[in-house]
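To keep things clear, I will list the structure first and then write my remarks on it.
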Amino acid sequence: MAIISADEFTFQPDPDSTSPLWLQLRRHLAYLISAGRLKPGDQLPKIRELAVALSINFNTVNKSYLSLVSDGYVKSVRGKGVFVSDALSSAGNEEREEVTALLRDCLQACKACGLSYDDTLNQMKRYVQKLKMDEARARMVPGTNIIEFVAADGPDGIQEKEA
């Protein structure tokens, strides 16, 4: 397990990109994790330290980290920091190979339906968000609210539902 300091972290935002800065940072971190440059158990730089080192707003780094936590790339341990998740590394080789085979089959099926890899990724993200929302609804406590962001045809694109 390594602790990645903010000083040794490299990130160059693309000023010509239409993607917001938090998303560029999130994608960069996800790439480093997926490519194996950041290993399971590695501690990411503290949010404030990284914000200072990159000369960007604290909230930008925080939003990137929250998104990575939501997608399972990292886990946040209160009072200790943010660590690269070991979701697939804790699985044995057999499980990893099975997951890879399932993903390959899924991607091939989507490609056969005419979807590009980017379209498939976007569809998967939407579907996962729907599943998360359905699970949240199932766990809702009476009197609590779920704020749901919907297409622009809703009032202000936001719907609030009470249990």
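The values are calculated or read from the model by the stated rules, or taken from the named source; none is laboratory data. Everything numeric here is computed off the predicted structure, so don't read it as measured data. Using ideal geometry, Cβ is built from the backbone for each residue, glycine included, and neighbour counts are taken over all protein chains shown.
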Problem - Number of the condition not met by residue 76 [criteria: (1) surrounded by fewer than 16 Cβ atoms within 10 Å (Cβ to Cβ); (2) farther than 24 Å from residue 133 by Cα; (3) polar (S, T, N, Q)] - result: (2)
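Is there a residue being touching a residue at least 40 places away in the same chain (Cβ under 8 Å), among the aliphatic types (A, V, I, L, M) and out of contact with any Asp or Glu (no Cβ under 6 Å at 6 or more places or on another chain) anywhere in region 91-108? Full working, then the answer.
Keep residues of region 91-108 that are touching a residue at least 40 places away in the same chain (Cβ under 8 Å), which gives none.
No, that holds for no residue.
Does residue 80 satisfy the criteria of being modelled with pLDDT of 85 or more and touching a strand residue (DSSP E or B) at 6+ places or on another chain (Cβ under 7 Å)?
On the way: modelled with pLDDT of 85 or more: yes; touching a strand residue (DSSP E or B) at 6+ places or on another chain (Cβ under 7 Å): no.
The answer is no for residue 80.
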Practice task
Taking residue 68 as meeting all but one of (1) out of contact with any helix residue (DSSP H, G or I) (no Cβ under 8 Å at 6 or more places or on another chain); (2) at pLDDT 80 or above; (3) surrounded by 12 or more Cβ atoms within 10 Å (Cβ to Cβ); (4) not β-branched (Val, Ile, Thr), write down the number of the exception.
Solution key: (1)
Practice task
Could you please tell me which pairs satisfy a Cβ distance under 6 Å, a separation of 6+ or placement on different chains, a first residue in region 115-144 that is surrounded by 10 or more Cβ atoms within 10 Å (Cβ to Cβ), and a second residue that is modelled with pLDDT of 85 or more and in a helix (DSSP H, G or I)?
Solution key: 120/110
Exercise for the section: Among what's in region 1-55 and is at pLDDT below 90 and of a type in the set (Phe, Trp, Tyr), pick the residue that is surrounded by the most Cβ atoms within 10 Å (Cβ to Cβ). Expected result: 9
